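Each remark here refers to the structure printed beneath this line.
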Amino acid sequence: TIAVSGDANVIDMDNPFPVFNNGTISFVDGAADDVLTIVGDFSGEGTLQLDVGGLHGTSDRLYIDGSVIESTAQTLDLNLLDLPTTANVDIPLVLVGGDALAGDFMLGHVQHGTGFVTMDFRLDTRIDASNATRDIVSLGVDVTGLDDLGPLAAAIAPGAQRLVDAQV
């Protein structure tokens with residue numbers, strides 16, 4: 001396991017040697033502010049663990065200043081620290097300066113606290129084949145409705161107001 005902490009972390013393998021992740025690279029520390037930059041290519045069949053802040057659309061970030069080598073299969077396990085305030089959010093996680101494919105990264109487990117809403121998660125990939133802009137792998141979060149406690153929570157405020165009104 002490689003633990004990433006802070007925003008100035010760099011691994012430079014002096015191309016042509018890619019960084020292979022066949023284990024775990026963990027950014028998880030309870031804050032969505034860690035950054036790892038890989039200078040060169042990236043490959044492997046490992047796991048990336050990242051903190052994600054839904055409230056402000058922030059995340060730990062992996063920058064690959066090179067390409068993702070074919071047959072790479074990285075699983076993204078995410079720690080959602082707080083809930084988004086809009087129905088749909090797109091939060092960048094991995095940025096690739098060279099070539100990447102949509103299937104290089106897969107969504108694994110999304111750990112999140114309980115709230116009053118249900119959410120759907122997906123991994124979105126924007127690939128620029130011309131490499132004029134970075135390829136971006138992001139977490140898509142859709143708030144889809146209320147969970148079992150949602151209707152109860154929604155009923156508390158009006159009920160409390162009626163109780164106050166009845167006492168006055």
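The values are calculated or read from the model by the stated rules, or taken from the named source; none is laboratory data. Predicted model, so just to flag it, every value in this text is computed and none were measured. We place every Cβ from the backbone using ideal geometry, glycine too, and count neighbours over all the protein chains shown. The accessibility values were calculated without ligands, DNA or RNA, using every heavy atom of the protein model including side chains. Shrake-Rupley method; radii C 1.70, N 1.55, O 1.52, S 1.80 Å.
List every residue pair whose Cβ atoms sit under 9 Å apart, with the two residues 6 or more apart in sequence or on different chains, where the first one lies in the range 7-35 and is at positive phi and of a type outside the set (D, E) and the second, anywhere, is open to solvent by 30 Å² or more (accessible area, probe 1.4 Å) and in a loop (DSSP other than H, G, I, E, B). Sorted first by the residue in the range 7-35, then by its partner, the list stays empty.
Here is a yes/no grid of residues against (1) touching a helix residue (DSSP H, G or I) at 6+ places or on another chain (Cβ under 7 Å); (2) of a type outside the set (D, E); (3) in a loop (DSSP other than H, G, I, E, B); (4) buried (at least 17 other Cβ atoms within 10 Å of the Cβ):
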{"residue": "I64", "(1), (2), (3), (4)": "no, yes, no, yes"}
{"residue": "S71", "(1), (2), (3), (4)": "no, yes, yes, no"}
{"residue": "T75", "(1), (2), (3), (4)": "no, yes, no, no"}
{"residue": "L93", "(1), (2), (3), (4)": "no, yes, no, yes"}
{"residue": "A100", "(1), (2), (3), (4)": "no, yes, yes, yes"}
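Consider the range 1-45 and keep the residues that are of a type in the set (G, A, S) and crowded, with 18+ Cβ neighbours inside 10 Å. The one that is nearest to the chain's Cα centre (by Cα) is A32.
Restricted to the range 102-127, and to residues there that are outside any strand (DSSP E or B) and surrounded by fewer than 14 Cβ atoms within 10 Å (Cβ to Cβ), the residue that is modelled with the lowest pLDDT is T114.
Kindly evaluate Q74 against the criterion of being in contact with a Leu (Cβ under 6 Å, 6 or more places away or on another chain) and at pLDDT 95 or above. Talk me through it step by step, then tell me what you get.
Numbers: in contact with a Leu (Cβ under 6 Å, 6 or more places away or on another chain): yes; at pLDDT 95 or above: yes.
Taking the combined requirement at face value, the residue satisfies it.
Cβ-Cβ contacts under 6 Å between residues 6 or more apart (or on different chains), taken from a first residue in the range 55-72 that is within 27 Å of H112 (Cα to Cα) to a second residue that is assigned to a loop (DSSP other than H, G, I, E, B) and open to solvent by 10 Å² or more (accessible area, probe 1.4 Å), are listed as T58/A32; S59/A32; D60/A32.
Screening the candidates T1, T24, T37 for the property of being in contact with an Asp or Glu (Cβ under 7 Å, 6 or more places away or on another chain) and of a type outside the set (K, R) yields one hit, T37.
Just one of (1) more than 16 Å from V141 (Cβ to Cβ); (2) modelled with pLDDT under 95; (3) open to solvent by 10 Å² or more (accessible area, probe 1.4 Å) fails for P84. It is (1).
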